[in-house]
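The values are calculated or read from the model by the stated rules, or taken from the named source; none is laboratory data. From a predicted model like this one, the values you see are computed outputs, not experimental measurements. With ideal geometry, Cβ positions are generated from the backbone for all residues, glycine too; neighbour counts draw on all protein chains shown. Ligands, DNA and RNA are stripped out before the accessible areas are found, and what is left, the full protein with its side chains, is counted by its heavy atoms. Shrake-Rupley method; radii C 1.70, N 1.55, O 1.52, S 1.80 Å.
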Amino acid sequence: MLRLRLLGAFLLEVDGTPAPRLRSRTGESLLTLLALRAGQPVERLWLAGTLWPESDHEQGLYNLRRNLTDLRVALGSESWRLESPSKLTLSLNLQEAECDVLAFDAALAAQCWSEAVARYGGALLTTGEVPWLEAERAQREQGYLLALERAATQLPPSEALALLERARSLDPLRESVVRGLMQCHQRLGNLAHAVQCYQELRSLLLGARLGSPDAQTQALYAALSEPQRVVWDNLPEPLSAFVGRTAYLDTCAHALTQEKRRLVTLLGMGGIGKTRIACEVAARLRPHFPDGVLWVNLEGATESEALLYRLAAVLGIAAPSAATLQKQLVAALRGKRVLLVLDSAEQCHEAPELAHALLTALSELKILVTARRALDLQAETVVEVSPLSREESTELFVALGKSKHAAFTATAENARDLQALCERLEGIPLAVELAAARVATLTPRELLQRLKERFRLLQSTAHDLLPRQRTLRAALDSSCALLSAQEQSVFAQLSVFAGGFYLDDAETICEAPEVDVLENLHALRRHSLLQAETEPRSQRVRYRFLETVGEYAKERLKEQGALEEQTTRAHAQHFATWAKQVRQQFRTSTEAEALAQLEREQRNLQAVVDNGSLPAELRGECALALAGLLTRRGFARAAQQPLSLVLPKLEGSQRVEALGEWAGLCLDLQEGEQALATATESLALAQTLQDLVGIARAQNLLGQVALYQGEKEVAQRYFTEALAFFEAHASTDAAFVHNNLGLIVGEDLTRDPLQAHGHFARARRLYEQHNNLRGIARVENNAGYVAYLWEDFRLSAQHYQRASSAARRSGDLDLLAKALNNEGEAAEALGSLESACALYEEALALFTELESPYASYTQELLEALKTKK
């Protein structure tokens, strides 16, 4: 690690140890020149001419080589930083190094005035007096003076005086500094000191024969004898970029400029950006409050007296009396048009009462509050702060990353990782800021990979951050500390939900006589720890944690031992029971609604399946529901995943059903042998258990396998046996068998095709009775295939069009892709090559997305067609 101090006393450290002294001051100058160029190439001839202006080129280059050798020795293990981009240039690589002058320059550029003041350790390279250095040194000194002035404007007058006096000691004739001093003394009521500042300036100017103070300074002096209007303004200086949030700025600004709206609360979880928004709102509203803007940070102020003392300090009320403190404050603010900003009001339990008292006593006062819970006052307008959008998060990350590491930038190569990272950070500005602080050591991809340990990753050592803002965990700790014991327990229990839940779900897993779940949900909402959205169609409220909050709540649940096991088991039992009920709607007229419900609870079901410590029966119900959903959406490969996790442990009829699902998926993926083995095992187990429905469904599956393998007689036998059972029991599964029989009959060109269409008609009728769009699509697809075999391409195209329409409405992408592919073949046969090409391309895109083996077949058709065109 390299540390280079150029402001004030020169210091060069390598790995925490001072480097050996350079042989000459010129070596320090060389290092300084390279550092000031911040890694940019510098011509060797220019360096030689600048450092040794009296030497010729040859001698200058010789001197440069000697000093470079000396510098490399001093740098030791960090000598690699001296680079030669070309034979004629040099550069100093300062990535991940500390260089005070560059940090100072960056703070100035970012207008972080307080940071710039802290970074300035003195004049640039005080050991050297050479022409080139004078301009660089003067530039930093002027920047330091500007930083002192601007930083002073962000402080109360009593604190600003020290900065302005420091500026005046460096440049006693700088009139803007003297005016600042005069104004501070004026606001503190020290008119004699203000007059003295003016008189001292005037004497210095006359002594230097520079005339009198300028008109602005003279006007200020003349106004000292007039009654003064005190204007308070102690808004904190923003230390980070501000991105987006326009709607919040507009909403708050509009509310606070309305006559009857006097209290606005920015509500949100810790780290969501409330303080930053409040700062921007207050800055925008300065012109509307001629008597000033008062910012009071309530961090750690748990009692009302602490709040009052902090407000008194901001107002400049010296040694206020505790007994009459509130009266003194009211007297100081009476008749003043002031905006009071109370930051982190949740810290002060009595903030609502005090806000109400101040608003009642002071008719001109308006208050802007930031809090994690509302004040619950009738006059309060609550503005709930939501996370940043992914685009806003990415913009903020890039801006903050650049401020931490100048070389960082968004590129085409890291764009996808950046977007994924910011999506995982969920738009929480504090999380984005803490992640961006790591860009000097981790790429966006590496940060993304490490987010599974987000609480270890997302922390900062920055000294100018409050303790609760230095880590993501600390921000959540401070929020959780405001909850009651019961609220903390419910908060932890709710972490078992993945992706969201409804009130009745929460009441099931948090069931206890003393727990009012609804009231606890309301409390968590009030503390901004729980998100809630009303679903338009069902008009039900769905709750969810942000992933970050959910992971934190999980940690809290793990700390409670037996409660974690009990809650996890209750969650699994609840969703296994629910999944079994929902699956009964498969192959019925309510299947579409069942699938929509399963999609909403997909993450909850997956959480049960993934937990190997739970009973296999519970995991199996959830796995079957997931597989059914994914199969009906066309994702055969993905549907295998939940089944693969539980199938080895399932028993009885549940195993029969799971084996049948697996066999069907293998067929969809053209894995015939695996399908045959699994369907055979399913049939054998069903026969052992005397599971008649399982036997019939296994026979239908074995018929499909036989048909796939070209064994039509075997397929016919299996289908006939299955159909007899399904029709005897009025099962809708009969439609599936009729559809398969229609295919067998239709492929036999020696038979009457009307027999095939008879099977298709019966299957279609059954599917239509239950509004089974997937079934209808399968029937139309097979009917189209049979018509194609009989070379009735126009009829074939009509069937395929109906198939693709039904498949599209059902949401089964695999069925849709197959129907589009087949429709393309019919269009090609009819000579509609442009239409066929478009159909093939859409089918290929879907097959590729689904990782389907059919993609290669469609690709061949498309390439052949393009050759034909």
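Karplus-derived 3J(HN,Hα) values for segment 539-548, using 6.51 cos²θ - 1.76 cosθ + 1.60 with θ = phi - 60°, are 6, 10, 8, 10, 9, 7, 8, 4, 3, 4 Hz; glycine and proline are entered as x. Annotation: Leu205 carries an accessible surface of approximately 10 Å², with a 1.4 Å probe and no ligand, DNA or RNA atoms counted.
Give me the dipole magnitude in Debye, nearest 20, for segment 475-552 about the Cα centre, with unit charges on the beta carbon: positive for Lys and Arg, negative for Asp and Glu. With Lys and Arg at +1 and Asp and Glu at -1, about 320 debye.
Based on the Cβ-Cβ distance of Ser835 and Trp790, what FRET efficiency does E = 1/(1 + (r/R0)^6) give at R0 = 25 Å, to the nearest 0.05? Walk me through the intermediate numbers first.
Working: r = 22 Å, r/R0 = 0.86.
Plugging the Cβ-Cβ distance into 1/(1 + (r/R0)^6) gives 0.70.
Other residues with beta-carbon under 10 Å from the beta-carbon of Ala777 carry, at +1 per Lys or Arg and -1 per Asp or Glu, a net charge of +4.
Gain in length, Gln59 to Thr302, computed as 0.36 nm per residue apart minus the alpha-carbon separation, to one decimal in nm? Let's see the in-between values first.
Details: separation 243, 0.36 × 243 = 87.48 nm, distance 7.07 nm.
Full extension from Gln59 to Thr302 adds 80.4 nm.
Counting only heavy atoms of the protein chains and using a 1.4 Å probe, Thr265 has close to 0 Å² of accessible surface.
Most tightly packed first, judged by the mean number of other beta-carbon atoms within 10 Å of their residues, the peptides 742-754, 406-418 read 742-754, 406-418. Of all DSSP beta bridges confined to the chain, the antiparallel ones make up roughly 45%.
Ligands, DNA and RNA excluded, the heavy atoms of Leu220 present near 30 Å² of accessible surface to a 1.4 Å solvent probe.
Grab the Cα-Cα distance for Glu747 and Ala97, subtract it from 0.36 nm times how many residues apart they are, and report the gain in nm with one decimal. Write down the numbers at each step before the final one.
Details: separation 650, 0.36 × 650 = 234.00 nm, distance 7.54 nm.
Length gained between Glu747 and Ala97: 226.5 nm.
Could you give the distance between the Cα centres of segment 1-37 and segment 591-633, to the whole Å? Centre-to-centre (Cα) distance: 63 Å. Shape class for segment 316-369, computed from the alpha carbon gyration tensor (a ≥ b ≥ c): oblate, with a/c not under 1.5 and a/b at or below b/c. The label-point distance for Thr848 and Ala412, in a model that sets each label 7 Å from Cα toward Cβ, rounds to 1.8 nm. Overall, the anisotropy analysis places segment 679-785 in the oblate class: the square-rooted eigenvalues a ≥ b ≥ c of its C-alpha gyration tensor yield a/c not less than 1.5, with a/b not exceeding b/c. Sorting 522-529, 555-562 by their mean Cβ neighbour count within 10 Å, with the most densely packed peptide first, gives 522-529, 555-562. Ordering Gly758, Ala845, Val439 by Cα displacement along the dipole of the chain toward the positive end leaves Val439 in first place; charges were set at the Cβ atoms of Lys, Arg (+1) and Asp, Glu (-1). Using a ≥ b ≥ c from the Cα gyration tensor of segment 722-811 (square roots of the eigenvalues), is it rounded, prolate or oblate, where a/c under 1.5 gives rounded and otherwise the larger of a/b and b/c decides, a/b for prolate? It comes out oblate by the Cα gyration axes. The modelled label-to-label distance for the pair Ala596/Val73, using points 7 Å beyond Cα in the direction of Cβ, is 8.1 nm. Within the same chain, lysines fewer than 8 places from Lys818 are excluded, and of the rest, none has a Cα less than 17 Å from its Cα.
Accessible area per residue (1.4 Å probe, heavy atoms of protein chains only) ranks Thr508, Thr50, Thr567 as Thr508, Thr50, Thr567, with the largest value leading. Here the 3J(HN,Hα) profile of segment 531-536, calculated from phi with Karplus coefficients 6.51, -1.76 and 1.60 at θ = phi - 60°, is 8, 9, 9, 8, 6, x Hz, Gly and Pro shown as x.
Checking the table Lys402/Lys558; Lys554/Lys580; Lys274/Lys327 against a 32 Å threshold on Cα-Cα, which pairs fail?
Result: Lys402/Lys558 exceed 32 Å.
Electrostatic bookkeeping for Leu267 treats Lys and Arg as +1 and Asp and Glu as -1; over the other residues with beta carbon under 15 Å from its beta carbon, the sum is +2. Could you work out how far helix 25-36 tilts from the main Cα principal axis of the chain, as a 0 to 90 degree angle to the nearest 10? The angle comes out near 40 degrees. Remark: the chain carries a charge dipole of roughly 2140 debye about the Cα centre, counting +1 on each Lys and Arg Cβ and -1 on each Asp and Glu Cβ. Sorting Glu661, Glu533, Glu547 on solvent-accessible area from highest to lowest, probe radius 1.4 Å, gives Glu533, Glu547, Glu661. With a cut-off of 12 Å between beta carbons, the residues surrounding Arg202 carry a summed charge of -3, where Lys and Arg count +1 and Asp and Glu -1. Were the residues from Glu768 through Gln218 laid out at 0.36 nm apart, the gain over their Cα-Cα distance would be 188.8 nm.
Computed from Cα positions, the angle between helix 131-152 and the longest principal axis of the chain comes to roughly 80 degrees.
Straight Cα distances below 16 angstrom link Lys712 to the aspartates and glutamates Glu721, Glu747, Asp748, with same-chain residues fewer than 8 positions distant left out.
Based on DSSP H segments of at least four residues, each scored -39500 (n - 2.57), the chain has a per-residue ellipticity at 222 nm of -19500 deg cm²/dmol. Note on exposure: Tyr854, Tyr800 ranked by accessible area (1.4 Å probe, complete protein assembly) read Tyr854, Tyr800, with the most exposed listed first. What FRET efficiency do you get for Gln560 and Leu206 if R0 is 60 Å and r is their Cβ-Cβ distance, rounded to the nearest 0.05? The formula returns an efficiency of 0.20 here.
Placing unit charges on the Cβ atoms only, positive for Lys and Arg and negative for Asp and Glu, gives segment 264-341 a dipole magnitude near 320 debye about its Cα centre.
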